[in-house]
Amino acid sequence: MSVAELKERLLAATETVNTLRERLKQKRLLLLDTDVAGYARSQAKTPVRFGPTDLVSCRTLQGYTGKVYSLHWNPEKNRIVSASQDGRLRVWNALTSQKTHAIKLSCAWVMTCAFSPTGHSVARGGLDSVCSIFDLNSPTDQDGNITASRTLSGHKVHVSCCQYVPDEETHLITSLGDQTCVLWDITTRQRTSVFGGEFQCRDTADVLRY
């Protein structure tokens, strides 16, 4: 291949790269939906002026018919799981605001939800005194629902909070309305440790968060 041919190919490749770079820039601008003033003008409304320290909502996740009691980000910060008192556990794509899962729960009085460290599973707990684990990769039924892959039962009172142990897909902690917290082995569905209650602990009221 001659030098002239190489130069011609280089120019063509450079032009292709520049074109792709411009297309990527335009795509990013389309996803950047935080231009509140521009949106207000497009709706024939007067834009609200925000100061440099004001927080502006860039996305709204809609579709709830009950109070949203809990939400949790996945480790990559691109998905959200939310629990609401309309009896649904929802998983959202935070970048597109699209709902990927709407899991129907056996009890609408859900108080807490959490993503697993890998983002493959979500957990929820509530007034039914049960912590349920859902594998997001499992098949759905004809209504789009997922059956709980694990159920951590045996709590004597409501589950106010649940959270996976960092970097451990198989261990989860629940906090309860009886001044206790429980460490669970999800694989065996057995309690590993109990903190509070009959054990010496400084908690003197219900544990809502940890």
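Listed values, structure above:
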| read-out | value |
| --- | --- |
| V110 being in the same structural domain as K156 (by TED's automatic domain parsing), over 16 Å from D185 (Cα atoms) and not polar (S, T, N, Q) | yes |
| Scan of the stretch 108-154 for residues that are of a type in the set (D, E, K, R) and buried (at least 17 other Cβ atoms within 10 Å of the Cβ), ordered by number | R124, D128, R150 |
| Test: I173 is out of contact with any Gly (no Cβ under 9 Å at 6 or more places or on another chain), modelled with pLDDT of 90 or more and closer than 26 Å to R79 by Cα | yes |
| Qualifying residue in the stretch 98-113 (condition: within 24 Å of K77 (Cα to Cα), assigned to a loop (DSSP other than H, G, I, E, B) and not basic (K, R)) | no |
| Near pairs, Cβ below 9 angstrom, 6+ apart or cross-chain, from the stretch 60-73 (among the basic types (K, R)) to any residue that is assigned to a loop (DSSP other than H, G, I, E, B) | K67/Q85; K67/D86 |
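The values are calculated or read from the model by the stated rules, or taken from the named source; none is laboratory data. Being a predicted model, the structure only gives us computed values, none of them experimental. Virtual Cβ from ideal backbone geometry, glycine too; neighbours counted across all protein chains shown.
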